Structures are given as structure tokens and as C-alpha cells.
Amino acid sequence: MNQATAARADSPMIEIAGLNKWYGDFHVLRDIDLTVARGERIVICGPSGSGKSTLIRCINHLEEHQEGRIVVNGMTMTRDVKRIEQIRRNVGMVFQHFNLFPHLSVLDNCCISQTWVQKKPRAEAERTAREILERVQIADQALKYPGQLSGGQQQRVAIARALCMQPEVMLFDEPTSALDPEMIKEVLDVMVELARDGMTMLCVTHEMGFAKTVADRVIFMDQGQIIEQAPPETFFNHPESERTQLFLSQILGH
Amino acid sequence: MLRSSSRERGPLWRDPTFRALLVQGILLLALGAFIAMVVSNTMANLEARGISTGFGFLQDRAGFSIPQTLIDYSGDSTYARTFVVGLLNTLLVSAMGIVAATLIGFAVGIARLSPNWLLARLATAYVEIFRNIPLLVQILFWYFAVLQALPSPQNSHSLFEVIFLNVRGLVLPDPQPLAGFAATPWALLVAVIATWWLARHAKQRQAKTGRPLPVFKLGALLLIGLPSVVFVVTGMPLEWSLPAFKGFNFQGGVTVLPELIALWLALSIYTASFIAEIVRSGIQSVPQGQVEAAQALSLPGGIILRKVVIPQAMRVIVPQLTSQHLNLIKNSSLATAIGYPDLVAVFSGTALNVTGQAIEIVAMTMAVYLLINLIVSALMNLYNARTLLKER
Amino acid sequence: MVDTTTVTEMVAERRPPDLRRGLLGWLQANLFNTLLNGAVTLVTVALLAMVLWPVLQWAVFQADWLGNSREACSGEGACWVFISARFESIVYGFYPGAERWRVDLVFAALAILIAWLAIPRLPAKRWVGLFAMVAFPVIAFFLLVGGVFGLEQVPTGNWGGVMLTLTIATVGIVGSLPIGIVLALGRRSQMPLVRGFCVVFIEFWRGVPLITVLFMASVMLPLFVPSQVEFDKLLRALVGIMFFWSAYMAEVVRGGLQAIPSGQEEAAKAMGMGYWQRMGLIVLPQALKLVIPGIVNTFIALFKDTSLVLIIGLFDLLAIIRSGLTDSDWLGFATEGYVFAALVFWVFCFSMSRYSQHIERRLHTGHRN
């Protein structure tokens, strides 16, 4: 793995070219081109229905695209099941509604991919899981079940679960929008910490504070296409497109 | 003396505690009066008809024969034995029905979710047809329209001249164990224990080294292979009594009553249509997000099914499935409509008509079903408590 | 590191590059998208053709429909003459011919009432419902039984066929729902004796097969009453059916009661309502509306199980057909007879289940808004 990573070190983490996707006859993603460098942190925002979640869900093939090319960590996405599984091994994902497995303990949630994908011995898997749970500051809850935790705690477990497979890139699909306000910070803190450690991240979020602190680039999407992308200072202070200005005034307006 | 800690009371008849007591008192009185009336009426009626009460009749000679008995039984046996024979027949058809209904139900339920449009529609049609036709109609249909229309024994349908189907039932070869056959069932037992040990060992090995064992394949090999090898090594000590048509009927072999076949078919097909719905909704109750999360962890399809979907679906399926199994056991009492000798037919039917001991016999019959219900409910509560999702 | 890029021109919406359009496309996507699916499709089509074609041949193309005796049948396909020749008795049983207008009237009224209650747009549901549950049974009883207002008395022994099936079903439904509601309320009562009684009552009926209940009703009930009292056979069966299904109804209603938040009852208490006011005006209307699908499903089960009265010697639809099969002029038409019975029951049950699914969908959308 390490050798392979080293060999590809200069290649971009994710390359998307000419991506088009339809739901039935509805054109959700239109001519998307996007290159994500290693270690880059990108925040994607835009009105609901703009296709931002669909875009990142295409990256680990939770959605199938009809046109265009997606290359993740040097591997081109095909419809081959084995290839898709290989790509997913490098891509961690965090969902809006956590999607933890309710019948497994926090520890088992974190061990399941290590056991069945990486085929690690139980002791080693548990050690890794506990280390990562420590990082998201929830190690003391390891033996509890997801239903016994608060929303913020569940989302941190979900981040830990994704980190346990040692991914090269993390996708966040509106990780804080299902949370009560007082729990948003604990999740964002973990994400900021992760960004500091150099993880490549793509976050769909409306947390503009987070975007200003950690993002290298902010992408604004509308009607299935990328309208504007810029470093956060430029994006927030001098947005060029009218749509971006309107969107920003709506979410920062009050 | 006025104590400040006691509450002031309104009039007694408006006090909630008093009212509750009053209502319950009235209920108790009414119930008591009702029971007393029923008992005295019944006593008077029984006396007028010259019927003695009590369970003494169970020791009397029954004097009628039963076409299918799993234990030794003749006209000289007692009513107590009639009861046991009927109960065993009920349990036999119920067990056969439960196995078949569960298998068909799971197959149809999964087929309803198939991406193949035609197969899914066919499964839906199965469910909509069979669950909307009364079970009794289906039983009568299979018995009178299908099985009674079969040819007479001399013109039987046959499969390879060893299995015969005619109006008197299904005639199958009867296995006759010879000396040394006992080794084969023992081998099967050993194989079962070995498979159980293998599963445990595989789990430990995976925990220690991370490498899983193909338990399913190895287990299947063991369960089929070991008894087969022992059977062959001991010289295949099993003789088949093949049915052969002689005179007016078949000699040798074992005959399955057409009543049993009809009842079994109808119970399985009918109950399966309900089980299919339970299985479908159970699988659909697992949110799509669970599968997506598992996919995002790059778990392979088989593992997603085994470790994520099935455990969560089963929580929803098992309690409803059990209640369908209970329904099947209760519905097996429709046997009496075609004369399959189940508990209700031989005991609440024949024995009741002969002895006239209505109260004892109906009570004993109902008690059997209540007891089965009680046992299964207790087991179900245990299961529910064990699989309860822990929540705040 | 990153330059600002801005798009000013929007990409035009395009049609998907769909390879799967039209009939062929649909076939490819739904039936032949993988090798396995293609094989499954072919096997299913073959099986369907093998089963459906002979069945259609028998039931429709080669069948004989009209006539008075079995000679009217060619014997190649189904002999529906068996049904059409005795259609009257299948519908009315042994009800005297001159009095059949009374049966027609009752069931026409019943159909109108049901339609009124089932069609959402019609007004005054509550009053029509009350009429259907209280006044209608009384009127129907006197019309069917007679003996008053110059109507000739028709003993229940002469009732039969579809008419008896519908009577048992209607009485079962009208009787078991109110008893079930009372039992459900009792099971949630604070009074231990009332609660205990209801729990035992409900679990007893739910634990035994309906057959044993009917046996009990036919052999034990006559023992329970003074010997002078003549207890009608049909009435005995109806009592058994009503108690049996009231237990199932109680469990359905209890599910609805549990779904109503306790705040509703507290609010009613705060407004100074008594127990029956709280239940009748606030809790029950909401709870019952919630469990309409469950109630309809119980109706379906009840309707199917009316056929069991055959075993205690009443002549419902199924029993009339079965007795016709033993008629020496009409031996050998078991298939036609039972297929017809199945079809009649199926039409009733399927339409009820469709209605319940429709209500369920409507309730779901109602809750989302």
C-alpha cells in the first residue's frame, strides 16, 4: 500500500472530468470537472437540490454516473464490483444521518471493516478502533450501542468508523445538518483536527465558519454545475457570480 | 382533630379511589353471578341428560379406529390415548406445514424484491391470490378437486415405479434399517458436533489471525460427507420396502393419507403468502442508509447481507413469523373438514359425539392450544428481550 | 494555489444518453439486465405459459356456461352450468322465493351504507356510521327474520348462501368492533381487576382456534342456559364469532390507543372532561382513524373465516356449494364449485384489502403534512 501511495504521490487524489448524471430524465450533474490534490480541503456549498451530495456520492459509487471519468487515487472507476470495492477502501464517508449500525456496539461498528475487509485479528482491530475513538474523544463509550448516544456522539463515532479503514480521503455529506445546535461544535472540532493532520477532505456543508478556518478552496454549486470556486477569503469577500452573492446573502444574512 | 397533612375529601361517591373499588366490585359480583348461573344451569342440564361429569371417561375404551396413528392405537385403547394420537397428528401436520410455509414464504418474499420485473410480479400475484381465499376453501379444493380426482390405485401416477400417487394417497418407499445402520445416525450426530466446533474454532481463528474460514462450505461437506462415508463403509445397511400393486391395493411402502397431503399443501401455501409479506416488509424495514454506510466501508455484498441487513431484518421478521406459525398450528384444526384425524377431529369430534362429555373435551382441546400459545409467547418474549436494541 | 474560476454560462439541460428507451430498452433494463435475470425471465415465462394456457382453456375458452342440467356440458372445459343452474340457491340459500325482495333490500341498503362510508367526499360520516352500527342492524333483523308488520317469518334454518355469509360477516363486524373497543379500553384501565379480566378474556380467545370456539358454541352454549330456552343455532355461532373476533379487534384498537400521545388525554383532563368524554371525544376518534387499515384487515380475516360455519352445519356460500356437489345429478364438479367459491371470496377480500392499502397511503401522507 505504502509503495503504491508513494508512486502516486504526485498524482492528484481525485480527478473528475466531464461528469454527467441523470435521475431518470432529470439532469442532476452537468459537465463537472474537478481535481482534488493530496491533502487538499474542499468545502462544497450551494442551495438544496444543486447536486452537491450527488457529486460526492459519485466519488465512492453510491450513485452511478452515466458520462465522464472519475479517478480516485490513481484508480479509474468502472462498473467492476472488485474495482469499486478497492476504490471505496481509500474513501471514508460520513453521512448526514450517521447511519451507524444500531445492532452493533460502538467498538464493533469500528471493527467491522477491519475484520471483514482488511482481515485484521480482533485484538489489532480493537486497538486501532480504540486509538481512533480516543482521537474523536469518545473512547469511554466504546461498549455502548449507537442508540444510547447523543447525535453529536453518534456522528463522532461515524467519523471514527470511517477513519478505522485508514482512508486516503474523507467525504462528508452535510455532517452537521441533522444535529442540535449545541452538538455541532463537537463534530466540527473533530473535523478541524482531522484537517490539521493533513487528511484530504471534501465536505458538503453550510458551516461557513468551518469553511473559513480550514478550507483551501470553496466550491459553489447550483443546478448541477460548479458555478464558482475560490480560496475562502476571495469566495466570501469578493464573490464574482450573482448566484453566489445571492446564496451568501441568504445564509450569512442574519 | 384536624391534621394539616391530610387532604380534604369530597363526597365519597365522587372519590376516584372509591369509584374504582365500586366498579371492580360490581364486575366481580356480575362475574360471580354469571359463573354461578352457568354452573347451575349446566349441572341441571347434564343431570337431565344423564351425563356424568369428570375426567373418568379418559380411562374408558374408545372403541373406534383412527386412520393415521403415530403411536400404537387400536379400538381397545383408551380415550386418553385417543387424545395423544390426535395431538401427535396435529403436531405432525403443523411441523410439516411450518417448515414448508417458512421456506415458500421466504422464497416468495425475497422474489417480491427481485430486480426481475416478471419474477417480482409473479410473487405479488401469489401473495394476492392465496391470502385472499379462505383457508377452508383451499383445503377443500386440494382435497376434493385435486386429490379425490386422482386415479384409483391400479391406475396410479408413478415416478420411476417407486413412488405412486393415487386417490388413496401418496405411496412412498419405506426405509427398513438393517443391523449396523445405527452407525449412520451416530455419524450425523458427530458431524453436527464437529460443525459446531468448527464454527467456534473459525471464529476464534479469525479473532486471532484475522483470516476467516469458509465455515459454510466445510460444514456442508462435513454434514453430508461423514454420514455418507460411514453409510457406505458399513455396507449400506438399509433396505427399501418398495410399494407394489397387488390385488386391490399397494403392498409394502408407506402411504401418506390424501387428507394429510391436502391439509399440508393448503396450510403451507396459505400461510406462506402471509410470511412472504412479513419477509418483504422486514427486509424493506432496513433503511437504505444502512446498506450505503456498509458499502462506503467497502464491505463486500455477502458480508453486508450477513452482518448488516439480515440481523436487522430478522428483528422485525421473527416475532411476526412466530405468530404466523401459531396461526398455522391453530388453523390445522380445519383438518376436521376433510377428516384428517387431528386433535379436534378425533377428540372434539368423534370422541365428543361418542361420550357426550362436551365440557371436558372442549376444555382439554382448548387447553392444548392455549398451552402451545403460552409456551411460544414465553420463548418469543425471551427472544425479544435478547435482541432488544439498546436505546437511551 | 487555487485560482478563482467562475462560470457565467450555464450548461444547458440535456436528455440522458439513454440506451434503454422504448419497449426493448424496458425489457433490457427490467428482464434481461444480467445473464441470471435473463435465465430467470425465460424460465418464468415458460412456467407461466405451461400453467396459464391450460387454465384459461379450461376456465374460459372450452367452458360451458348456460343450461339446466349436466347434459349442457361438453366435458372439455369447465362446466359453469353447475353454478348457473343453482345460482339462486347459492345467493339466497333456502329463503322462500316470494320473500327474497327483503334480502335484496337489506343488502342494497348495506351496499349504500358501505359505499357512503368508504367514499371520502360524502358528508355526515359520523351519523351514517352511527346509523350503520345501531339502527341498520335492528331494521335488517326485522326484515330478514320477519314475523312482524305482516311479514312472513323466515326461520334462520332457511337462510343460506351468499346471504348467510354476508349476514354472519356483517353481524360479526358490527358486534366485534364495539366489544373490542371496550376491551381495549379495559386493558389500559388503572383498575387491576378490570385490566386483569380484559387481558385474560383477550388472550383466551386469541389462543384458541375458531373451530373450537364454534364447537363450544354449538355443544356447550346450550348447556349453559336453562333447558327451556331455545337457543338458535345461527345465534350461537354468531355469539362465538363475535367474542372471538372482538379479542383481535381489541388488540388492533389498543395499538391505536398507544399511538396517541398522552398529552392529548392530559389536555382533555385540563379542560375538565370526564373519562368517557375524554375517550369518546378526544382519544378514540383519533385512535380509530389511525387503525382503520388494521380494522379492515381484521374484517378480511373475519370474512374469510365465516366459511368455518360449514363445520357446525350452517349453510353459508361454501356449504351450499359443497352440498350441491353431493347431489347425485351433479357429481364430479368439485373443481368448478370450489374455484367459484374461491373467486367470490377473493373478489370481496381483495377489494377490501385494496381499500385498506388506499387508506393507509392516505393516512401516511396526512401525517407527513
With every protein chain present, what accessible area does B:R81 have (1.4 Å probe, heavy atoms only), rounded to the nearest 10 Å²? 90 Å²
Semi-axes of the equivalent ellipsoid for segment C:145-214, please: Cα gyration tensor eigenvalues, times 5, square-rooted, ordered largest first, whole Å. 34, 16, 10
Taking just the alpha-carbon atoms of segment C:62-210, what radius of gyration and Dmax come out, in angstrom? 21.4, 69
I'd like the residues of segment B:142-163 whose 1.4 Å-probe accessible area shrinks by no less than 10 Å² going from the isolated chain to the full set of protein chains. B:F144, B:A145
Counting only residues 5 or more places away or on other chains, whose amide H sits under 5 Å from the amide H of A:M93 once H atoms are built in the peptide plane? A:L171
If you add up the charges near B:A125, with Lys and Arg at +1 and Asp and Glu at -1, over every other residue whose beta carbon is less than 15 angstrom from its beta carbon, what do you get? +3
Distance between the C-alpha centers of segment C:290-349 and segment C:129-148? Whole Å please. 24 Å
So what does A:T78 come to for accessible area, using a 1.4 Å probe and Å² rounded to 10? 60 Å²
Listed by chain and number, the aspartates and glutamates with an alpha carbon less than 12 angstrom from that of A:K144, same-chain partners under 8 positions apart left out, are A:D108, B:E391
Quick one: compute the contact order of segment A:3-253, relative version, from alpha carbon pairs under 8 angstrom and 6+ residues apart, as a percent. 25 percent
Residue by residue through segment B:254-269, the couplings from Karplus 6.51 cos²θ - 1.76 cosθ + 1.60 with θ = phi - 60°, in Hz, x for Gly and Pro, are 10, 9, 9, 4, x, 4, 5, 5, 4, 5, 5, 4, 5, 4, 5, 5
In whole percent, the Cα-Cα distances of chain C spread across 20 Å bins from 0 upward as 21, 44, 26, 8, 2, 0
Pop out a list of residues from segment C:318-365 that are at least 50 Å² less accessible with all the protein chains around than in their chain alone; 1.4 Å probe, no ligands or nucleic acids counted. C:Y338, C:W346
Compute for chains B and A the buried accessible surface, both sides summed, probe 1.4 Å, and express it in Å² to the nearest 100. 2600 Å²
Here the Cα Rg-to-2.2 N^0.38 Å ratio for chain B is 1.35
Around C:S307 (Cβ within 13 Å, Cβ-to-Cβ, excluding C:S307; K/R +1, D/E -1) the net charge comes to 0
Using Stokes-Einstein with the Kirkwood hydrodynamic radius over Cα pairs, what translational diffusion coefficient do you get for chain A at 25 °C and a viscosity of 0.890 mPa s, in µm²/s rounded to a whole number? 130 µm²/s
Tell me the mean residue ellipticity at 222 nm calculated for chain A from its helices only (DSSP H runs of n ≥ 4, each -39500 (n - 2.57), averaged over every residue, nearest 500). -11500 deg cm²/dmol
Cα-based Rg then Dmax for segment C:22-81, in Å, read 18.8, 55
Alpha-carbon Rg/Rh ratio, for the protein assembly as shown, with Rh computed the Kirkwood way: 1.02
Hey, which of these cross-link pairs are over 19 Å Cα-Cα: C:K125/C:K289; B:K330/C:K289; A:K119/B:K307; C:K125/C:K304? B:K330/C:K289; C:K125/C:K304
Rounded accessible area per residue of chain B, 1.4 Å, Å²: 54 Å²
Report the gain in length on full extension from C:D329 to C:V11: 0.36 nm times residue separation, minus Cα-Cα distance, nm rounded to one decimal. 106.5 nm
So what is the diffusion coefficient of segment C:97-182 in µm² per second by Stokes-Einstein at 10 °C and 1.306 mPa s, using a Kirkwood Rh over Cα pairs? 113 µm²/s
Area buried, chain C against chain B - accessible surface, total, 1.4 angstrom probe, square angstrom: 4500 Å²
Could you please state how large a percent of the accessible area of the protein assembly as shown is carbon and sulfur, counting protein chains only and using a 1.4 Å probe? 63 percent
Taking Cα pairs closer than 8 Å and at least 6 residues apart, the relative contact order of segment C:22-81 in percent is 22 percent
Quick tally, 1.4 Å probe accessible area for B:F245, A:F101, B:F130, sorted with the most first, runs B:F245, B:F130, A:F101
How many times 2.2 N^0.38 Å is the alpha carbon radius of gyration of segment B:178-309? 1.65
Could you work out, for segment C:231-369, what percent of all Cα-Cα pairs fall into each 10 Å distance bin, beginning at 0 Å and stopping at the bin that holds the largest distance? 10, 27, 27, 19, 11, 5, 2, 0
For n ≥ 4 DSSP H runs only, could you compute -39500 (n - 2.57) per run for chain B, divide by its residues and tell me the 222 nm figure to the nearest 500? -20000 deg cm²/dmol
Enter the per residue convex hull volume of segment C:113-159, computed from alpha-carbon coordinates, in Å³ rounded to the nearest integer. 87 Å³
Average Cα contact separation per residue, segment B:47-126, under 8 Å, 6 or more apart, as relative contact order %: 17 percent
In whole Hz, with x marking every Gly and Pro, tabulate ³J(HN,Hα) for segment C:282-299 from phi via Karplus 6.51 cos²θ - 1.76 cosθ + 1.60, θ = phi - 60°. 10, 6, 4, x, 6, 5, 5, 4, 5, 9, 3, x, x, 5, 4, 4, 5, 4
Unmatched cysteines, chain C - criterion: no other Cβ of a Cys under 4.7 angstrom: C:C198, C:C349
Let me know the Kirkwood hydrodynamic radius for segment B:244-392, please, with Cα pairs as the basis and the value in Å to one decimal. 19.3 Å
Note to self: with every protein chain in place and a 1.4 Å probe, chain C gives an accessible area per residue in Å² of 53 Å²
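The values are calculated or read from the model by the stated rules, or taken from the named source; none is laboratory data. What you are looking at is a predicted structure, and each value in this text was computed from that prediction instead of being measured. With ideal geometry, Cβ positions are generated from the backbone for all residues, glycine too; neighbour counts draw on all protein chains shown. Just the protein is used for accessible areas: all its heavy atoms, side chains included, with ligands, DNA and RNA removed. Shrake-Rupley method; radii C 1.70, N 1.55, O 1.52, S 1.80 Å.
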